[in-house]
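Encoded as structure tokens, the structure appears first; notes follow it.
The values are calculated or read from the model by the stated rules, or taken from the named source; none is laboratory data. Bear in mind that the values here come from a model prediction, so they are computed numbers and not experimental data. No Cβ is skipped: glycine too gets one built from the backbone with ideal geometry, and neighbour counts run over all protein chains shown.
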Amino acid sequence: MVRRIVAALAALILAAVAIVLVVAYTSSADERALAGQETESVLVATAAIPEGTSGDALTELVENQPVPRNYLVDGVVSDLADLQGRISTTRITPGEQIVASRFATPEELRARDEFTLPEEAADLHQLTIPLTKPQALGGNIAPGDRVGVFVAMEPEYPEEESAGEESDGEDSEPETFSMAHVVLHKVLVVRVEGGYVEPPPTLDEEVEAQEAEPQQAEDTILVTLAMPAPDVEKMVFAKEFGQVHLTYEPEGADENGTEPVVVTFPENVRDLFE
């Protein structure tokens, strides 16, 4: 029994020594391979980088490593500051050099109409509503945008009879009032039909863009939104009995300070949108 234990310990020790020797050899082999070659320090992925990762979140996923100039990829990045405000457009595997062309600004992604439904939105309801250009950002709307939903309505409410007054048998004229209020925030746009997104111009294209006729969206735009069921109810009601207007509302937009804007506001409907 003792011999077996001693043999097992010896095998473990030998395996550990072998691992150390292999790591040391590999490290020295890398150093020998780089010896005598001109290298450049560039960003290399040290972990998998999912598609849609912000350049501001790469600190723990990449590091500067020396790479022989003969093996540098075109457009390789050496400074994380060059990727600030940009988003990865493909998945990057560990060991890959970080290339600028695999990142884009949010504006460029909108112009490309490239959008992948986020996992958190996969189980949401999707509702398509027709809107005119002025109601949908002039048509400059794309999948992946976050929008605020404003509703304008002119409901009618029967006018109450004053105490002590007898009805003359005729129906009283309904009392009308106008109101507008933001009912939903940061709703995800998943599909647009009939709109357009104007790409950000480069310096060389600015003059041509000024001379060219502006691109027009169709008069009616079909916008599909991803929402939970209670929000779908609000949207359907608003579309059937009022007017819907969308605003571009990015994640950092402030939601505070809104309240219903009302022209005539009877007490018995004060909580209609609250």
From the list Val67, Val44, exactly one residue is assigned to a strand (DSSP E or B) and either in the same structural domain as Pro250 (by TED's automatic domain parsing) or touching a residue at least 40 places away in the same chain (Cβ under 8 Å) (or both). Which is it? Val44
Strands (runs of 3 or more DSSP E) wholly in the range 111-229 with at least 1 residues that are more than 24 Å from the chain's Cα centre (by Cα), among the aromatic types (Phe, Trp, Tyr) and modelled with pLDDT under 65 - which ones? 156-158
Criterion (charged (D, E, K, R), out of contact with any helix residue (DSSP H, G or I) (no Cβ under 9 Å at 6 or more places or on another chain), modelled with pLDDT of 90 or more and surrounded by 12 or more Cβ atoms within 10 Å (Cβ to Cβ)) met by exactly one of Glu63, Glu51: Glu63
